[in-house]
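Structure record follows, encoded as structure tokens.
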Amino acid sequence: MAAKFGTSGLRGLVVELTDEVVADHVAAFLRAVGPAPGLLIGRDLRASSPALASVVAAAARGAGVRPLDLGVLPTPALALAAGAAGWPAVMVTGSHIPADRNGLKFYSSSGEITKAEEAAITEGARSARAARPDGAFPDDGGAARRAYLDRYAGFFGPGALGGLRVGVYQQSTVARDLLVDLLTALGAEPVPLARSEVFIPVDTEAVSADMRAQLGQWATLGFDAILSADGDADRPMVADERGALVCGDLLGLLTARALGARAVVTPVSSTTAIEASGAFPTVVRTRIGSPHVIAGMASAGPRTVGFEANGGFLLGFEARQGGRTLAALPTRDAFLPMLMPLVEALAAGRPLSALLAGLPRRATASDRIEGVPTERSQALVAALSADAKARAAFFAPFGAEAALDLTDGLRVTFRDGLILHLRPSGNAPELRCYAEAGTEAAAQSALHACLARARDRLAG
């Protein structure tokens with residue numbers, strides 16, 4: 001299976017991301033975005049990322065473009081730097097997928113590339129071989145990391161989190177040191193936890209039972225919250241003061257409401273609590289993946305934000321609060337949806353769990369079946385989508401179907417309000433399942449039952 005574009009960026013096994021494949025895609029990207037004096041390059045902490053970044057730099061030189069190494073930093077920090085410099089950028093990252101895989105995320109100076117640009121890059125990479133001359137690969141001395149930290153330290157201000165004690169699950173996310181520095185700047189007491197020098201894939205939409213138990217154990221140490229992120233820090237992972245995991249779309253809802261957003265653009269997999277909250281005059285539903293969210297934001301109206309069930313938050317307007325401004329950053333970001341709810345909870349004199357308790361009672365859960373060839377999961381979803389009798393038999397334990405949504409995969413709403421959504425992953429050989437119900441217990445129960453039935457079908 002060759003490397004290909006998924007929901008966000010080019011992805012594949014490391015052995016598939018040969019020097020030729022990487023260089024050809026970078027050269028095609030630079031042709032697609034037009035003439036540029038330089039190319040910004042960032043990377044995550046995977047063992048394969050430094051070598052791939054060097055190939056990206058060589059391909060830039062071959063295209064007559066000067067590469068600049070921004071080092072290890074969050075993807076949204078790279079996007080912020082690209083906008084400030086007016087240069088395109090490439091992030092070497094596999095995000096949340098396992099360490100034997102990696103990928104490239106592409107940014108023009110105006111933001112994340114579109115699906116149409118992805119198609120042009122794919123075609124361009126087939127049609128010509130890229131040159132890879134040797135040369136200098138200078139770095140920016142950490143300027144992009146500092147600018148990203150200053151973005152949030154300046155907006156929230158000193159003391160915004162004063163008195164809070166916050167655990168930072170460092171693992172191998174690129175955010176691990178920046179989070180500690182930023183929390184300190186905002187007046188909190190950060191406590192680093194479980195730093196790893198071996199890459200750990202953290203999927204904020206499929207947090208394991210062991211990880212949830214670990215968060216509960218850490219909460220006994222007296223934290224107001226526990227924060228972390230995926231590998232390239234464009235997806236947040238947050239637990240409240242009890243160690244209970246906070247779903248990413250609820251973080252997005254709280255953040256959008258606090259910023260005074262008027263329109264929300266979000267995939268079909270996000271919680272229906274968004275509409276039920278009554279906080280947003282406009283809610284637009286899209287396919288899963290930040291390019292689809294960005295496309296939806298373009299026509300949603302003023303004061304628009306986007307966010308996904310994974311928690312990645314896209315700010316589409318200049319936000320103002322307490323006389324301070326926060327420039328738009330319409331790319332998936334983990335820091336804003338981690339910080340905004342904590343600031344809101346502290347200002348209200350309530351714990352994070354109490355802030356969440358004020359939202360409409362819709363609980364979500366998600367997980368995946370790993371190691372499933374994409375064509376098999378696609379065939380299962382296609383068969384159930386096309387055949388009402390087969391669908392009724394598969395979903396028989398969950399009741400009668402009330403509505404069907406085929407926007408992205410198969411999303412079924414049942415008469416009692418339960419929602420189940422099956423979707424082949426765009427990034428890895430996985431079948432994903434999302435569940436939504438009135439309680440967390442009901443959502444988890446339906447999720448596990450649906451996955452069990454899917455495993456049986458896939459094994460048959």
- Subset of the range 321-333 [hydroxyl-bearing (Ser, Thr, Tyr) and surrounded by fewer than 22 Cβ atoms within 10 Å (Cβ to Cβ)]: THR325
- Message: Name the single residue that is surrounded by the fewest Cβ atoms within 10 Å (Cβ to Cβ) among those in the range 278-320 being out of contact with any helix residue (DSSP H, G or I) (no Cβ under 8 Å at 6 or more places or on another chain) and among the β-branched types (Val, Ile, Thr).
- Response: THR282
- Query: Before we move on, is VAL92 in contact with a helix residue (DSSP H, G or I) (Cβ under 7 Å, 6 or more places away or on another chain) and within 21 Å of GLY135 (Cα to Cα)?
  - Reply: yes
- Message: Among the listed residues ALA53, ALA23, ALA28, identify the single one that is crowded, with 19+ Cβ neighbours inside 10 Å and touching a Phe, Trp or Tyr at 6+ places or on another chain (Cβ under 9 Å).
- Response: ALA53
- Note on the structure: From the option list VAL264, VAL283, single residue qualifying as over 29 Å from ILE226 (Cβ atoms), assigned to a strand (DSSP E or B) and not charged (D, E, K, R) is VAL283
- Task: Look at THR364 and say whether it is buried (at least 22 other Cβ atoms within 10 Å of the Cβ), outside any helix (DSSP H, G or I) and in contact with a Pro (Cβ under 8 Å, 6 or more places away or on another chain).
- Result: no
- Message: Between ASP203, ASP140, which is surrounded by 13 or more Cβ atoms within 10 Å (Cβ to Cβ), of a type in the set (Asp, Glu), in contact (Cβ under 8 Å) with a residue 60 or more places away in the chain and farther than 30 Å from ARG61 by Cβ?
- Response: ASP203
- Looking only at the range 164-178, decide whether some residue is of a type in the set (Asp, Glu) and at pLDDT 95 or above. yes
- Task: Would you tally the residues in the range 370-414 being of a type in the set (D, E, K, R), assigned to a loop (DSSP other than H, G, I, E, B) and modelled with pLDDT of 95 or more?
- Result: 1
- Task: Report yes if ASP177 is more than 21 Å from the chain's Cα centre (by Cα), in a helix (DSSP H, G or I) and under 22 Å from ASP232 (Cβ atoms), otherwise no.
- Result: no
- Those residues of the range 81-94 which are buried (at least 22 other Cβ atoms within 10 Å of the Cβ) and over 20 Å from PRO201 (Cα atoms), in sequence order: ALA81, ALA82, PRO88, ALA89, VAL90
- Residues being buried (at least 19 other Cβ atoms within 10 Å of the Cβ), of a type in the set (A, V, I, L, M), in a loop (DSSP other than H, G, I, E, B) and over 16 Å from the mean Cα position of the chain (by Cα): count how many of those fall in the range 207-252. 0
- Item | Complete set of residues in the range 31-69 that are under 15 Å from SER109 (Cα atoms) and touching a residue at least 40 places away in the same chain (Cβ under 8 Å) | ARG31, ALA32, VAL33, ALA36, PRO37, GLY38, LEU39, LEU40, ILE41, GLY42, PRO67, LEU68
- THR255 versus (1) in a helix (DSSP H, G or I); (2) within 25 Å of SER425 (Cβ to Cβ); (3) modelled with pLDDT of 95 or more: which is the lone unmet condition? (2)
- Any chance you could count how many residues in the range 423-442 are buried (at least 23 other Cβ atoms within 10 Å of the Cβ), closer than 28 Å to LEU356 by Cα and among the aliphatic types (A, V, I, L, M)? 2
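The values are calculated or read from the model by the stated rules, or taken from the named source; none is laboratory data. Everything quoted here is computed from the prediction, not taken from an experiment. Glycine also receives a Cβ, built like all others from the backbone with ideal geometry; neighbour counts cover every protein chain displayed.
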